[in-house]
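**Student:** I have a structure here, written as structure tokens, and I will follow up with some questions on it.
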Amino acid sequence: MVGYGLYTACASMSDAALPHRPTPVVELSGLTKRYPRTEHVAVDQLDLTVGSGEILCLLGPSGCGKTTLLRLIAGFEMPDAGRVRIAGATVADADTWLEPERRRIGFVFQDYALFPHLTVRQNVAFGLRNGSKAKRLQHADAVLDLVGLTIFAGRYPHQLSGGQQQRVALARALAPAPAVILLDEPFSNLDAALRGSTRTEVRQILKRTGTTAVLVTHDQEEAMTFADRIAVMRSGHLEQVGTPEGVYSRPETAFVASFLGRTNLLRGEGHGSVARTSLGDLALARPAHGQVMLSVRPEALTFSPNGEGVRVRVLQREFKGHDLTYACQLADGERQRLVVQTGPSCTVQAGDIVGVVVAGAAVPLQASAATRARSSPGA
Amino acid sequence: MASLTWARRARRLPWFVLIPAIVAGIGTLVPIVYLVLRAFEADLETLQRLLWRERTWTLLVNTLSLTAGVLVLSTLMAVPLAWLTVRSDLRWKRFVTVLAVVPLAIPGYVVAYALISLGGVNGFLSQLFGAVVPRPSGYWGAVAALSLYTYPYLFLNVRAALLGLDPSLEESARSLGHGSRAVTWRVVLPQLRPALLAGWLVIALYVLGDFGVVALMRYEAFSYAIYLQYSSAFDRTYAALLSLVLLGLTLLIVGTEGRLLGRRRYARVGSGAQRAVVMTRLRRWAPLAYGYVASVLLAALGLPFLVLGSWLVLAPPDLAAWRSVAEAFVRTASVAAPAALVTALAAMPIAYLAARVRLRGSRLIERLAYLGYAIPPVSLALAMVFFSLRAVPWLYQTATLLITAYVISFLALAIGPIRSALLQVPPRLEEAARSLGRRPFVAFFETTFPLIRRPVVAGTALVLMVAMKELPLTFLLAPTGFTTLSVRGFTRTSEGMMAEAAPFALAIVLFSSLFVGLLVSYEGKR
């Protein structure tokens with residue numbers, strides 16, 4: 001059995017120093033899960049790999065199957081088809097079924113599921129099976145120290161605040177040094193003020209211990225700040241997998257583009273590296289031909305000081321402190337709406353007619369994976 | 001793509017849940033199958049002739065009118081008492097509530113015993129005051145005895161419903177222009193419907209299943225007639241047939257209750273905290289209310305204790321009598337305790353299956369357990385006799401068979417509290433334990449079990465109490481010479497030996513009273 005080498009393993013690894021192709025810790029292939037007596041497919045022939053020491057966020061709207069996917073990895077649900085491998089060993093496929101307790105996973109539940117009849121220290125020591133009792137409790141204290149809760153070791157869960165319970169749940173999952181830690185919307189029960197700081201703290205702990213983690217969330221901001229890679233999920237399919245920057249700035253589908261933040265979806269006609277649109281000819285982030293849907297982020301649009309570009313009527317001005325968001329409409333016949341984001345000191349007012357220019361490249365989009373699967377029933 | 005099959009899902013269930021649950025579920029069915037087999041040994045024509053005998057109809061009418069009488073009388077006792085202890089400015093409410101529930105500890109045959117020993121030439125009233133009144137017997141005797149001991153079930157149900165009523169519903173009815181009487185009829189009573197139906201169902205099941213009271217009152221209801229038929233007649237086919245009819249009647253009543261309850265929603269629909277109730281002031285009705293409370297409590301509680309106590313004073317039992325009480329107590333405990341333990345062990349997996357596992361068949365096993373509870377004890381006893389004689393002759397007239405019958409009959413009593421406790425423990429606790437390396441059984445034992453320990457203990461104690469005072473199963477199934485407290489008390493009473501029966505009855509009542517506090521505490525929490 002593995003020792004509790006929590007501090008030594010990958011302790012020197014920093015955020016930036018991720019290996020380019022880390023050894024896979026979680027490998028899913030063709031994973032499928034239906035719910036009994038329904039047509040609904042929660043997870044549909046899904047492939048995904050999570051590398052060692054990596055933090056992957058499963059991001060998607062509620063009901064997209066992300067929690068089911070997490071529970072399939074953990075072994076709380078049994079797949080209908082496909083394979084799950086953890087740390088190089090197959091734990092579930094057509095012939096194999098490894099119980100959750102044998103998968104070397106750690107799970108942090110949305111409501112933490114702390115054992116109410118055990119103290120904080122006993123909760124953390126619960127997963128430790130090797131060594132004397134004193135040694136286990138000593139190790140539990142060491143993990144509690146890691147999450148900064150040493151002084152609460154003797155308390156019961158109900159005597160702690162939400163943020164503290166959250167960290168106890170993390171410590172409990174981390175203590176046995178699992179191959180991967182699975183977090184199911186772990187921050188959603190915290191109030192907004194606490195959420196940001198807890199998130200940073202948890203990320204630091206995961207990185208310091210070099211822990212591989214899969215986190216489920218429906219909050220795009222959380223996914224972008226927390227993840228090394230984001231897997232955007234919709235109706236049981238993965239829409240796109242990539243770094244936060246990559247997924248944000250080069251979305252592949254309209255769903256990804258709009259789920260990760262506000263965007264302008266424009267129709268256009270691709271001619272290789274440029275596309276003809278109602279905003280004029282735009283440079284493309286990747287080549288496209290024929291009828292194509294384009295995504296242009298609001299911050300890629302600016303108002304031109306001397307009336308260059310396409311003329312738009314400003315409908316609404318929304319001041320948010322650190323920036324300004326404008327809702328506009330093309331001034332000529334077309335009813336195309338545009339969202340423009342500027343710095344906080346822009347003086348353009350609602351009702352003005354101004355020129356808009358495109359600063360960055362437009363991203364051509366494809367049909368979504370979920371839509372493709374639905375339109376080809378033979379698949 | 002292969003969909004997940006039932007078998008594959010079932011395979012994931014831990015053995016320690018699946019096996020005991022299935023064994024217990026099937027165990028309930030087996031005796032009934034043998035009862036049917038025994039009845040249908042006769043040819044169809046004979047069965048038809050037996051079934052259409054006038055006697056069958058007399059018994060049916062007798063049983064139904066007894067049930068109706070008890071329902072009316074117990075409602076008259078329970079509902080006003082519940083209202084007074086929840087909604088009025090009656091004093092000592094807590095005390096009155098506890099006293100009103102204590103009759104649960106007094107078995108029906110003891111109440112019947114108390115009523116019977118009031119009258120007659122050698123009766124209590126005659127010895128004390130020289131007044132000879134006829135011994136209560138027959139229909140009215142049975143109605144009185146059964147009502148006096150079953151009304152607490154209705155009382156507890158109605159009380160809980162009254163406590164749960166949202167006063168703002170009544171206030172909105174008032175604001176819509178209804179007077180207090182209209183509010184009672186149109187708002188309060190309809191909301192009490194589920195509680196009334198649930199209470200009536202329990203009482204009806206008791207009346208149908210009761211043996212001691214109708215036997216002592218010599219009232220020919222089904223269970224008494226079945227016993228007479230079984231013990232005296234040479235041919236047991238008619239006894240088996242009557243048992244089936246009684247079982248069918250019981251199932252019919254259970255089904256009707258479910259239909260009457262329907263799918264209506266009675267819980268509060270809105271959100272927000274519930275406000276406190278304003279107590280109705282009794283004012284000039286207060287003397288009437290106190291008089292009412294006193295007379296109900298006196299009849300249900302005072303009477304049995306007074307009669308028992310008086311017998312012990314008038315004819316004090318000697319040392320030998322007390323020794324035989326102690327011996328009977330030990331014998332009773334020697335079957336009741338194992339029955340309580342086995343019941344708790346079987347109830348846990350069934351409750352677990354019903355509360356946690358969404359699988360076809362998991363609710364079915366729970367229903368079977370409730371069926372076991374609903375089977376009239378005399379029918380069950382006969383079924384067990386036929387089953388053991390046919391299938392396992394070496395079990396006939398053994399304590400094991402008796403304990404098995406107890407378990408079948410009382411399983412549902414233990415499942416109820418365990419199941420509601422399980423529903424309050426999040427399943428994620430066990431998942432967390434498993435993600436931390438525990439095997440399923442260990443995960444259950446270290447996380448869920450500590451949280452449901454109290455209801456498990458309460459359920460076990462409840463079964464122990466009920467088994468200690470159980471009469472018909474014990475009377476019909478106990479090995480020859482294996483006389484428990486209840487059998488002793490019952491046989492002495494039926495022979496008219498009132499003074500000799502007193503110490504046995506007293507031992508049962510005292511023992512049961514110890515457990516009533518427990519029952520009150522968890523009934524109150526529901």
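The values are calculated or read from the model by the stated rules, or taken from the named source; none is laboratory data. Here the structure is a predicted model, which means the values were calculated and not measured. A quick note on method: Cβ atoms are made from the backbone with ideal geometry, for glycine too, and the neighbour counts reach across all protein chains shown. Surface accessibility is based on the protein's heavy atoms, side chains included, excluding ligands, DNA and RNA. Shrake-Rupley method; radii C 1.70, N 1.55, O 1.52, S 1.80 Å.
**Student:** When both residues are 6+ apart or on different chains and their Cβ atoms are under 7 Å apart, which pairs have a first residue that lies in the stretch B:365-376 and is within 13 Å of B:TYR206 (Cβ to Cβ), and a second that is of a type in the set (A, V, I, L, M, F, W, C) and part of a loop (DSSP other than H, G, I, E, B)?
**Tutor:** Final answer for the pair search is none.
**Student:** Counting only residues that are closer than 20 Å to A:PHE259 by Cα, open to solvent by 80 Å² or more (accessible area, probe 1.4 Å) and of a type outside the set (Gly, Ala, Ser), give me the strands (runs of 3 or more DSSP E) lying completely in the stretch A:273-372 with at least 1 of them. Please lay out each step first, then the result.
**Tutor:** Numbers: elements: A:280-296, A:301-304, A:310-319, A:324-330, A:337-342, A:353-358, A:363-365.
Here the list reads A:337-342.
**Student:** If you go through the stretch B:38-63 one residue at a time, how many are open to solvent by less than 80 Å² (accessible area, probe 1.4 Å) and in a helix (DSSP H, G or I)?
**Tutor:** Let us first name the residues in the stretch B:38-63 that are open to solvent by less than 80 Å² (accessible area, probe 1.4 Å), namely B:38-39, B:42, B:46-47, B:50-51, B:55-56, B:58-60, B:62-63.
Next cut, in a helix (DSSP H, G or I) only: B:38-39, B:46-47, B:50-51, B:55-56, B:58-60, B:62-63.
The number of residues fulfilling the criteria is 13.
**Student:** If you check B:ARG363, B:ARG367, which single one turns out to be charged (D, E, K, R), within 28 Å of B:GLY212 (Cα to Cα) and in a helix (DSSP H, G or I)? So that I can check it myself, show each step before the final result.
**Tutor:** Values: B:ARG363 fails: within 28 Å of B:GLY212 (Cα to Cα).
Only one candidate passes the filter, namely B:ARG367.
**Student:** Okay, next question. Taking the stated definitions as given, is A:ARG297 modelled with pLDDT of 90 or more and under 22 Å from the mean Cα position of the chain (by Cα)?
**Tutor:** Numbers: modelled with pLDDT of 90 or more: yes; under 22 Å from the mean Cα position of the chain (by Cα): yes.
Yes.
**Student:** Can you tell me which condition A:GLY163 does not meet? The list is (1) touching a helix residue (DSSP H, G or I) at 6+ places or on another chain (Cβ under 7 Å); (2) assigned to a loop (DSSP other than H, G, I, E, B); (3) away from chain B (no Cβ under 11 Å); (4) surrounded by fewer than 20 Cβ atoms within 10 Å (Cβ to Cβ), and all the others hold.
**Tutor:** Evaluating A:GLY163 over (1) touching a helix residue (DSSP H, G or I) at 6+ places or on another chain (Cβ under 7 Å); (2) assigned to a loop (DSSP other than H, G, I, E, B); (3) away from chain B (no Cβ under 11 Å); (4) surrounded by fewer than 20 Cβ atoms within 10 Å (Cβ to Cβ) leaves (2) as the failure.
**Student:** Open to solvent by less than 10 Å² (accessible area, probe 1.4 Å) and in a helix (DSSP H, G or I): is that true of A:LEU137 in this structure?
**Tutor:** Working: open to solvent by less than 10 Å² (accessible area, probe 1.4 Å): no; in a helix (DSSP H, G or I): yes.
It is false that A:LEU137 is open to solvent by less than 10 Å² (accessible area, probe 1.4 Å) and in a helix (DSSP H, G or I).
**Student:** Only residues in the stretch B:61-73 that are in contact (Cβ under 8 Å) with a residue 40 or more places away in the chain count as the first member; pair them with residues that are small (Gly, Ala, Ser), Cβ under 7 angstrom, at least 6 apart or cross-chain, and list the lot.
**Tutor:** Qualifying pairs under 7 Å: B:ASN62/B:ALA221; B:THR63/B:ALA221; B:LEU66/B:ALA142; B:LEU66/B:ALA221; B:THR67/B:ALA204; B:VAL70/B:SER147; B:LEU71/B:ALA204; B:LEU73/B:SER147.
**Student:** Since A:LEU206 meets every condition but one in (1) closer than 25 Å to A:CYS64 by Cα; (2) crowded, with 19+ Cβ neighbours inside 10 Å, which condition does it not meet?
**Tutor:** (1)
**Student:** For the stretch A:96-128, name all the residues that are in contact (Cβ under 8 Å) with a residue 60 or more places away in the chain, under 17 Å from B:THR447 (Cβ atoms) and not β-branched (Val, Ile, Thr).
**Tutor:** Correct list: A:GLY106, A:PHE107, A:PHE109, A:ASP111, A:TYR112, A:LEU128.
**Student:** Is the stretch B:218-230 home to any residue that is closer than 15 Å to B:VAL385 by Cα and open to solvent by less than 20 Å² (accessible area, probe 1.4 Å)? Outline the logic, then answer.
**Tutor:** Pass one, the stretch B:218-230, residues closer than 15 Å to B:VAL385 by Cα: B:226-227, B:229-230.
Subset that is open to solvent by less than 20 Å² (accessible area, probe 1.4 Å): B:226.
There is at least one residue in the stretch B:218-230 that is closer than 15 Å to B:VAL385 by Cα and open to solvent by less than 20 Å² (accessible area, probe 1.4 Å).
Rundown of residues vs (1) within 14 Å of chain A (Cβ to nearest Cβ); (2) out of contact with any Lys or Arg (no Cβ under 8 Å at 6 or more places or on another chain); (3) open to solvent by less than 10 Å² (accessible area, probe 1.4 Å); (4) on the phi < 0 side of the Ramachandran plot, yes/no style:
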| residue | (1), (2), (3), (4) |
| --- | --- |
| B:GLY437 | yes, no, no, no |
| B:ALA467 | no, yes, yes, yes |
| B:PHE475 | no, yes, no, yes |
| B:ALA502 | no, yes, yes, yes |
| B:ALA505 | no, yes, yes, yes |
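**Student:** Could you check, for the stretch A:209-223, whether at least one of its residues is touching a residue at least 40 places away in the same chain (Cβ under 8 Å) and open to solvent by 50 Å² or more (accessible area, probe 1.4 Å)?
**Tutor:** Scanning the stretch A:209-223, I find at least one residue that is touching a residue at least 40 places away in the same chain (Cβ under 8 Å) and open to solvent by 50 Å² or more (accessible area, probe 1.4 Å), so the answer is yes.
**Student:** If I go through the stretch A:316-364 residue by residue, how many of them are among the polar types (S, T, N, Q) and in contact with a Phe, Trp or Tyr (Cβ under 8 Å, 6 or more places away or on another chain)? I'd like the intermediate steps shown before the answer.
**Tutor:** In the first step, residues of the stretch A:316-364 are kept if they are among the polar types (S, T, N, Q); the result is A:316, A:325, A:329, A:336, A:341-342, A:345, A:347, A:349.
Now restrict to residues that are in contact with a Phe, Trp or Tyr (Cβ under 8 Å, 6 or more places away or on another chain): A:316, A:341-342.
Total satisfying the criteria: 3.
**Student:** Still on this structure, I have one more. Given the criterion of a type outside the set (Ser, Thr, Tyr), touching a residue at least 40 places away in the same chain (Cβ under 8 Å) and part of a helix (DSSP H, G or I), identify the matching residue among B:PRO338, B:PRO317, B:PRO287. Reasoning before the result, please.
**Tutor:** On the way: B:PRO317 fails: part of a helix (DSSP H, G or I); B:PRO287 fails: touching a residue at least 40 places away in the same chain (Cβ under 8 Å).
Testing whether each residue is of a type outside the set (Ser, Thr, Tyr), touching a residue at least 40 places away in the same chain (Cβ under 8 Å) and part of a helix (DSSP H, G or I) leaves just B:PRO338.
**Student:** Have a look at B:THR483, B:THR491 and point out the one that is part of a helix (DSSP H, G or I), among the polar types (S, T, N, Q), open to solvent by 10 Å² or more (accessible area, probe 1.4 Å) and more than 14 Å from chain A (Cβ to nearest Cβ). Please lay out each step first, then the result.
**Tutor:** Values: B:THR483 fails: part of a helix (DSSP H, G or I).
Sole residue among the options that is part of a helix (DSSP H, G or I), among the polar types (S, T, N, Q), open to solvent by 10 Å² or more (accessible area, probe 1.4 Å) and more than 14 Å from chain A (Cβ to nearest Cβ): B:THR491.
Table: residues versus (1) part of a loop (DSSP other than H, G, I, E, B); (2) among the small types (Gly, Ala, Ser); (3) within 14 Å of chain B (Cβ to nearest Cβ).
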| position | (1), (2), (3) |
| --- | --- |
| A:PHE107 | no, no, yes |
| A:ASP111 | yes, no, yes |
| A:LEU114 | yes, no, yes |
| A:HIS117 | yes, no, yes |
| A:ARG121 | no, no, no |
| A:ASN130 | yes, no, yes |
| A:VAL143 | no, no, yes |
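**Student:** Looking at B:VAL17, B:VAL23, B:VAL33, B:VAL70 in this structure, which one is modelled with pLDDT of 90 or more and away from chain A (no Cβ under 14 Å)? Steps first, please.
**Tutor:** On the way: B:VAL17 fails: modelled with pLDDT of 90 or more; B:VAL23 fails: modelled with pLDDT of 90 or more; B:VAL33 fails: modelled with pLDDT of 90 or more.
Being modelled with pLDDT of 90 or more and away from chain A (no Cβ under 14 Å) holds for just one of B:VAL17, B:VAL23, B:VAL33, B:VAL70, which is B:VAL70.
**Student:** Now for a separate question. Taking into account only those residues within the stretch A:185-199 that are in contact (Cβ under 8 Å) with a residue 40 or more places away in the chain and surrounded by fewer than 23 Cβ atoms within 10 Å (Cβ to Cβ), which is farthest from the other protein chains (Cβ to nearest Cβ)? Reasoning before the result, please.
**Tutor:** Our first condition is that a residue be in contact (Cβ under 8 Å) with a residue 40 or more places away in the chain; within the stretch A:185-199, this holds for A:185-186, A:188-189.
Pick out the ones that are also surrounded by fewer than 23 Cβ atoms within 10 Å (Cβ to Cβ) and you get A:185, A:188-189.
On the way: A:GLU185: 13, A:SER188: 15, A:ASN189: 13 Å.
Filtering the stretch A:185-199 for residues that are in contact (Cβ under 8 Å) with a residue 40 or more places away in the chain and surrounded by fewer than 23 Cβ atoms within 10 Å (Cβ to Cβ), the one farthest from the other protein chains (Cβ to nearest Cβ) comes out as A:SER188.
**Student:** Consider B:LEU4 carefully, then state whether it is closer than 30 Å to A:ASP95 by Cβ, open to solvent by less than 50 Å² (accessible area, probe 1.4 Å), touching an Asp or Glu at 6+ places or on another chain (Cβ under 6 Å) and modelled with pLDDT under 85.
**Tutor:** Values: closer than 30 Å to A:ASP95 by Cβ: yes; open to solvent by less than 50 Å² (accessible area, probe 1.4 Å): yes; touching an Asp or Glu at 6+ places or on another chain (Cβ under 6 Å): yes; modelled with pLDDT under 85: yes.
Answer is yes for this residue.
**Student:** Under 9 Å between Cβ atoms, at least 6 apart or on separate chains: pull out the pairs that start in the stretch A:33-53 with a residue that is under 15 Å from A:THR67 (Cβ atoms) and at pLDDT 85 or above and end on any residue that is open to solvent by 40 Å² or more (accessible area, probe 1.4 Å) and among the acidic types (Asp, Glu).
**Tutor:** A:LEU48/A:GLU27
**Student:** If only one of A:VAL339, A:VAL348, A:VAL363 is modelled with pLDDT of 90 or more and over 30 Å from A:GLY65 (Cα atoms), which one is it? Outline the logic, then answer.
**Tutor:** Numbers: A:VAL348 fails: modelled with pLDDT of 90 or more; A:VAL363 fails: over 30 Å from A:GLY65 (Cα atoms).
Of A:VAL339, A:VAL348, A:VAL363, the one residue that is modelled with pLDDT of 90 or more and over 30 Å from A:GLY65 (Cα atoms) is A:VAL339.
**Student:** Could you please find all residues in the stretch B:446-465 being within 14 Å of chain A (Cβ to nearest Cβ) and modelled with pLDDT of 90 or more? If you could, list the steps in order and put the result at the bottom.
**Tutor:** Restricting attention to the stretch B:446-465, the residues satisfying the condition of being within 14 Å of chain A (Cβ to nearest Cβ) are B:446-454.
Hits for the stretch B:446-465 are B:GLU446, B:THR447, B:THR448, B:PHE449, B:PRO450.
Yes or no, residue by residue, for (1) under 28 Å from B:ALA225 (Cβ atoms); (2) open to solvent by 30 Å² or more (accessible area, probe 1.4 Å):
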| site | (1), (2) |
| --- | --- |
| B:ARG323 | no, yes |
| B:ARG331 | no, yes |
| B:SER334 | no, yes |
| B:VAL342 | no, yes |
| B:ARG363 | no, yes |
| B:GLU366 | no, no |
| B:TYR373 | yes, yes |
| B:SER379 | yes, no |
| B:PHE386 | yes, no |
